[in-house]
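Engineer: Structure below; questions to follow.
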Amino acid sequence: MPAGVGVLVWLDQRLRAMGRPDLVTTTGGAEIPFVLVAATASTVGVALALRRPRHPVGWLFLALGGVLLLSGGTQGYAAYGAVARPGRLPAADLVAIYADAGFIPWLVLVALILHLTPTGRPLSARWGRIALATAVAGGLWLLVGLVTTETMQPPFQSVTNPLLIGGPLGPLLVARRVLGLATGAGVVLAAVSLIVRFRRSVDVERRQLLWVAVAAVPLPVLMAASFAASYAGNNTAAGLAAATLIGLLAIGAGLAIGQYHLYDVEEILSRAVTYLLVSGLLAASYATVVIVVGQSLAGRTGRSQISAVLATLAAVAVTAPAYRKIQEGVDRRFSRRRFETLQVIRRYLRDPDPDVAVEEVLRRALGDPTLAVAYLVDDRRQWVSADGQPANPGNSFMAAVEVYRRGRPIARVTFDRGRAQPGLVRAAATAATAELDNAGLRAAVALQLVEVRQSRTRIAAAQFAERRTIERNLHDGAQQRLLALALQLRAVQLGGDEASLRQAISTGIDQLQAAVVELRELANGLHPAVLADGGLAAALDDVAARTPVPIKISAPDRRYPPDLEAAAWFIACEAMANAVKHAHPTTIAVDVSAPDGQLIVEVRDDGIGGAQPSGPGLRGIADRAEAFGGSLTVHTDPGTGTTIRALLHRRSPLSSGRRSVMIEGCVDVVAVRRFRCRSSRGSGSRRRRSSWRCGGICGSRCRTGMSRSCSRNAASKLIT
């Protein structure tokens, strides 16, 4: 193609040099439309021939591009060799005859392309015979024209036809007219066959033809522009409009045969038609107001500015409310399923049914009972269903469309590819974005409720297991000792002497002391006395002293609410026990801190790592942390140890309509109505009512930083 264009330009330059600019074919850009159409057709043909070499339309487009380029090239060749320099170029007279009728081959090729798009086969056997008849008629028209043309069109009117046959030409001229009409009718019927094919088509073939429809959307505008340009004598503009139309049809046919984005073509066609209609309405409104106002204000100063302003306002006022109705009308005509789907969604949004979830509405609208909606919980980065359960990813036959709002994902719609189309699902989900966002908030609450239920179940199971353990320990330990002691004393009572009595009493004392030790150890496991007496730091030091692995404790020497201390102690003990049992560490570090109204317990070990956050041990720790509105994070890698970090809020959870209050000060709890406070700077006691100042129980006289302690009866207070 570049070579052909180069030859054409060279010939035109030679004609100018000879003083014959009237023969130049590229004057004023007259050949630009032919070059554009030829380039477009050739490009589409190459793409289709490479992708689908057995499809005939690709080769027909290549032939069309070649014929169009040949038609333009023969014009320049004949102008130079048959008119400007007769006899200088070989066969210039024959080329001039062909140039005079060069439009016939590409008309036939266009008809064949219309017949064979998009399947590569005619619509039926009858339509196939029509296509064949069109090709035969076009070929005969070209041949008869070559031998019957006496006077050719300018600039070749002076060229003698060497193929003109002698004798009477009347019958052949009639035959030439008939063949021309038959060829033209064949082209029209080819376009009709495409329309009939569209009306009969379904599914994939229908979507393919929609690409041709998209290319045909600007047809009215281009035809109007072509007629207007011809009327004004601007042949270049007229040719450019016609070339644009043919080029768009070539692109549309290529996209149809290549099956490019078939599931988006309905939306593209709908938007294109809507844009064209709205643009036409906008232009008509603007022009009408400009004409009416211009005539009404004739002779007045500033008439044009007033007309422009009023026309703009009127155009906006007319097109803005009409846009939605136009879009709905276009959807109803070109995208019926899309229209009906969106109508179902809009009816639900206008009058929502509290008993019907948005997921069910999408299923009904899209006709896919397998459709499922998952919601993203931002703070967890977890996809859940509407009832708070983990979302099912679906199988390999399912596709997914994510829905965004303000740049963040809020939902993911999973659907069956065979039942719904991605573009339609995306449009339906976009229409329901607000309701999906609301459903996502409800799903986040449902997730919390599910976790609370699961946590309660685990806590109840753990409590039952602990009761069984306590029962077994009592039965096998202190209960057996006391039972044996009772039997021994009963035996001595019934028949023992004084020596036996003394021995029994001595043995009984030993047994009672052992039972007391066992009961104390058992009670210490339930709630150690050192925790109540010395606080969290002392209790952790006590555990570290009895653990076989070296443990480094870093905890502030201060008091917290008893329930918070107990939770932190159990969390630390469970984490240390897990590390000793499973990680085989050489050292363990426990850090306790209390920043900004929070209590953080962090347990680190240098063991083998690989801890499972979903395991029963760590899950129990997480339950305790979540009971205080906190969270548990686990960082572990094989061979590098494990770090367990529990965050607890220093306000106890609500319980039975009562709230536990924490106050900073000499102890971090609200005092009972009467308490004693002892300070290292003085001694004595003072009685106060239930109030606090400066964040402390003892008010301004007992400031943070003094060495102090409070009696255990000032441990905590629940305010109703």
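Read-outs: derived from the displayed coordinates by stated rules, not from any lab. All values reported here derive from a predicted model rather than from experimental measurement. Using ideal geometry, Cβ is built from the backbone for each residue, glycine included, and neighbour counts are taken over all protein chains shown.
Engineer: Just going by the charge dipole of the stretch 344-451, with Lys and Arg at +1 and Asp and Glu at -1 on Cβ, which of Val450, Leu424, Pro409 is farthest out on the positive end?
Structural biologist: Leu424
Engineer: For Phe628, Phe570, Phe103, Phe415, which order do you get if you count the other beta carbons within 10 Å of each Cβ and list the fewest first?
Structural biologist: Numbers: Phe628 23, Phe570 16, Phe103 12, Phe415 26.
Final ranking by Cβ density, sparse to dense: Phe103, Phe570, Phe628, Phe415.
Engineer: Provide the net charge surrounding Ala538, with neighbours chosen by a C-beta distance below 12 Å and charges set as Lys +1, Arg +1, Asp -1, Glu -1.
Structural biologist: On the way: positive: Arg558, Arg559; negative: Asp533, Asp541, Asp542, Asp557, Glu565.
It works out to a net charge of -3.
Engineer: Apply the Karplus curve 6.51 cos²θ - 1.76 cosθ + 1.60, θ = phi - 60°, to the phi angles in the stretch 114-119 and return the couplings in whole Hz, x for Gly and Pro.
Structural biologist: Residue by residue, the stretch 114-119 yields 5, 5, 9, 7, x, 8 Hz.
Engineer: Can you give me the pair-distance distribution of the stretch 272-334, C-alpha pairs, 5 Å bins, whole percents?
Structural biologist: 3, 20, 23, 17, 13, 10, 7, 5, 2, 1
Engineer: Can you order the peptides 595-607, 504-516 by their average number of other Cβ atoms within 10 Å per residue, highest first? Working shown, then result.
Structural biologist: On the way: 595-607: 18.2, 504-516: 14.2.
Highest-to-lowest ranking by the protection proxy: 595-607, 504-516.
Engineer: Another one. I need Arg380, Arg207, Arg419 ordered by Cβ neighbour count within 10 Å, fewest first. Spell out each step's value before the answer.
Structural biologist: Values: Arg380 12, Arg207 21, Arg419 15.
With the fewest neighbours first, Arg380, Arg207, Arg419 line up as Arg380, Arg419, Arg207.
Engineer: What are the ³J(HN,Hα) couplings of the stretch 546-553, residue after residue, when phi is run through the Karplus curve with 6.51, -1.76, 1.60 and θ = phi - 60°? Round to Hz, x for glycine and proline.
Structural biologist: 9, 9, x, 9, x, 10, 9, 9
Engineer: What is the local net charge at Asp591, summed over the other residues whose Cβ is closer than 13 Å to its Cβ (Lys, Arg +1; Asp, Glu -1)? Can you show the working numbers first?
Structural biologist: Values: positive: Lys552, Arg604, Arg645; negative: Glu602, Asp605.
Here the count lands on +1.
Engineer: Can you tell me the equivalent ellipsoid semi-axes for the stretch 89-211? Use √(5λ) from the Cα gyration tensor, largest first, whole Å.
Structural biologist: Numbers: eigenvalues 260, 46, 19 Å².
Equivalent ellipsoid of the stretch 89-211: 36, 15, 10 Å, largest first.
Engineer: Sorted from fewest to most neighbouring beta carbons within 10 Å, what does the list Ile553, Ile571 look like? Mind dumping the intermediate values first?
Structural biologist: Numbers: Ile553 20, Ile571 24.
Exposure proxy ranking, most exposed first: Ile553, Ile571.
Engineer: Hey, another quick one. Could you calculate the contour length gain from Leu132 to Asn392, that is, 0.36 nm times the residue separation minus the distance between their Cα atoms, to one decimal place in nm?
Structural biologist: On the way: separation 260, 0.36 × 260 = 93.60 nm, distance 5.62 nm.
Once the chain is fully extended between Leu132 and Asn392, it gains 88.0 nm.
Engineer: Binning at 5 Å from 0, report for the stretch 98-151 what percent of all alpha-carbon pair distances ends up in each bin.
Structural biologist: 4, 20, 26, 19, 13, 9, 6, 2, 1
Engineer: Send over the per residue convex hull volume for the stretch 321-410, Cα only, as a whole number of Å³.
Structural biologist: In the stretch 321-410, the Cα hull volume divided by residue count equals 147 Å³.
Engineer: Which order do the peptides 632-645, 459-472 take when ranked by the mean count of other beta-carbon atoms within 10 Å per residue, highest first? The partial results should precede the final answer.
Structural biologist: Numbers: 632-645: 17.1, 459-472: 11.4.
Taking the mean over residues of other Cβ atoms within 10 Å, the ranking is 632-645, 459-472.
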